[in-house]
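Heads up: the structure comes next, in structure tokens.
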Amino acid sequence: MHRACSLQGSQATSAKLTMLNQDVLDHIFECEVLAGTLPAAALVCQAWTQPVQRVLYRDILFSVSNHRQRDNLFARTMRTSPHLRGYVRTLRLITLWNHSPNPNDIDWIRLLPAHGLREFHWFWVRGNMLPAVVWYPAVRTAPRARFRGRLHDSERLQSIIDMPHLQYLTLELSGRETGNLVAPLTSQLRHLNLYLSIGHGSIIDAFLAAVGPHLESLQLTCNMGYDSLEDRQLISAIEIHCLGLRKLYISTIHMRDGATPFLDVLVRQYPALDYLRCAEETYSARMFERLPPTLSTLAFSCDSVLFKQEEALLTYLGRARRNGGRLTSLVFYSKGYPECLSRVAEACHSNGIKFSHRSEDSGGFSWN
């Protein structure tokens, strides 16, 4: 009698699960608290299998270097189960200590369907990126890509900028890569996050000439103040090739005293600028006189306890809205909370501008 009641209850529960809408199931299984139970949940009933698989395979971290059993099993699954390949939306590939990844270890990436991936990340420390991987259908059609590791020459960089559907690119360059670049016939790239680890070189001019004319946003992280000629060449390349920027982020790896306040000049090139983030020593009080009225968000990195341009900023805040400006948000990134920010916050409040303070770690360059 007990077994019969239990069987009937199980059948009733299964019937109710089957009746749940697909979007409801998707929402349930996306909850992080259920992550550890998803493999078991996929076996509960047929109605659960597909939504669970979509979550399980959506975001994949695959490490060639560690030879983890889970990575080996995942690669085998991709080779033998075509119906699961289309669920992979984000692929994070790590080849840390290989001189070059063995093509046999990552051959399964070639099997992923075109237009399936939304993001492709590749992180390596030593060795070379294999350009052939960028030509795999899923990678080549991904709209977002991140490459962290030395590219060494323009051949590998060319394979990246030739990705026809790429819209967002995060990239590390040393500035010392060799070779030439050819601008792609068509480019969808609109947002570039560039980490320049050493300094300016001819490859940077060629790179910005190839992709700069279409960019809407540029985030640049670099060393400043070590070579004034290289600094000027880098800023000149941005001025010449990145003509339509609406968002500009400047952060620094290392900054030497006496760096040129290049933003004083650069902001004049962008009359439609909407977002500006400044690193210390990259601007002077003169910049505030040249900020366009289209600017809606202004952000600063402040590493010291003293914000040198406090008076210039306060004057700007007092007139920004009165003169027809669109400024609605002021953000400070700093490890502490400089005393001057109390006056700045009060000025923002008086002028109807939202003020916020954030940890420097949350505002700097990120590979996430």
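See the values below:
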{"quantity": "Any hit, segment 263-283, residues being buried (at least 16 other Cβ atoms within 10 Å of the Cβ), under 16 Å from Glu172 (Cα atoms), within 22 Å of the chain's Cα centre (by Cα) and of a type in the set (Phe, Trp, Tyr)", "calculated": "no"}
{"quantity": "Qualifying residue in segment 255-271 (condition: within 29 Å of Val125 (Cα to Cα) and not in a helix (DSSP H, G or I))", "calculated": "yes"}
{"quantity": "Matching residues, segment 304-342, being open to solvent by 100 Å² or more (accessible area, probe 1.4 Å) and touching an Asp or Glu at 6+ places or on another chain (Cβ under 7 Å)", "calculated": "Lys335"}
{"quantity": "Filter result (surrounded by fewer than 16 Cβ atoms within 10 Å (Cβ to Cβ) and in contact with a His (Cβ under 7 Å, 6 or more places away or on another chain)) within segment 123-166", "calculated": "Arg126"}
{"quantity": "Failed condition for Arg246, given (1) in contact with a Ser or Thr (Cβ under 9 Å, 6 or more places away or on another chain); (2) open to solvent by 30 Å² or more (accessible area, probe 1.4 Å); (3) farther than 20 Å from Arg146 by Cα; (4) at pLDDT below 95", "calculated": "(4)"}
{"quantity": "Lone qualifier among Leu298, Leu245 - being part of a strand (DSSP E or B), in contact (Cβ under 8 Å) with a residue 12 or more places away in the chain and under 20 Å from the mean Cα position of the chain (by Cα)", "calculated": "Leu298"}
{"quantity": "In segment 175-202, the residues that are buried (at least 16 other Cβ atoms within 10 Å of the Cβ), of a type in the set (S, T, N, Q) and assigned to a strand (DSSP E or B)", "calculated": "Asn193"}
{"quantity": "Condition met for Asp105 (among the charged types (D, E, K, R) and closer than 22 Å to Arg176 by Cβ)", "calculated": "no"}
{"quantity": "Conditions (1) without any contact (Cβ under 8 Å) to a residue 24 or more places away in the chain; (2) open to solvent by less than 20 Å² (accessible area, probe 1.4 Å); (3) among the polar types (S, T, N, Q): number failed by Thr170", "calculated": "(1)"}
{"quantity": "Residue in segment 233-240 that is surrounded by 16 or more Cβ atoms within 10 Å (Cβ to Cβ) and in contact (Cβ under 8 Å) with a residue 60 or more places away in the chain present", "calculated": "no"}
{"quantity": "Count of segment 271-290 residues which are out of contact with any strand residue (DSSP E or B) (no Cβ under 7 Å at 6 or more places or on another chain) and either aliphatic (A, V, I, L, M) or over 18 Å from Cys348 (Cα atoms) (or both)", "calculated": "8"}
{"quantity": "Conditions (1) free of Cβ contacts under 8 Å to residues at least 12 places away in the same chain; (2) surrounded by fewer than 16 Cβ atoms within 10 Å (Cβ to Cβ): number failed by Asp71", "calculated": "(2)"}
{"quantity": "Phe288 among the aromatic types (Phe, Trp, Tyr), out of contact with any Ser or Thr (no Cβ under 8 Å at 6 or more places or on another chain) and more than 19 Å from Ser217 (Cα to Cα)", "calculated": "no"}
{"quantity": "Listing of strands (runs of 3 or more DSSP E) fully contained in segment 105-174 that carry 3 or more residues being of a type outside the set (D, E, K, R)", "calculated": "119-124, 168-173"}
{"quantity": "Lone unmet requirement of (1) open to solvent by less than 40 Å² (accessible area, probe 1.4 Å); (2) at pLDDT 95 or above for Leu111", "calculated": "(1)"}
{"quantity": "Residue match in segment 252-261 (condition: at positive phi and modelled with pLDDT under 90)", "calculated": "yes"}
{"quantity": "Members of segment 203-232 found to be within 16 Å of Met255 (Cβ to Cβ), acidic (Asp, Glu) and either open to solvent by less than 30 Å² (accessible area, probe 1.4 Å) or not in a helix (DSSP H, G or I) (or both), listed by number", "calculated": "Asp227, Asp231"}
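The values are calculated or read from the model by the stated rules, or taken from the named source; none is laboratory data. Keep in mind it's a predicted model, so treat the numbers as computed, not measured. Backbone-built Cβ (ideal geometry, glycine too); neighbour counts: all protein chains shown. Just so you know, the surface numbers come from the protein's heavy atoms only, side chains and all, with ligands and any DNA or RNA stripped out. Shrake-Rupley method; radii C 1.70, N 1.55, O 1.52, S 1.80 Å.
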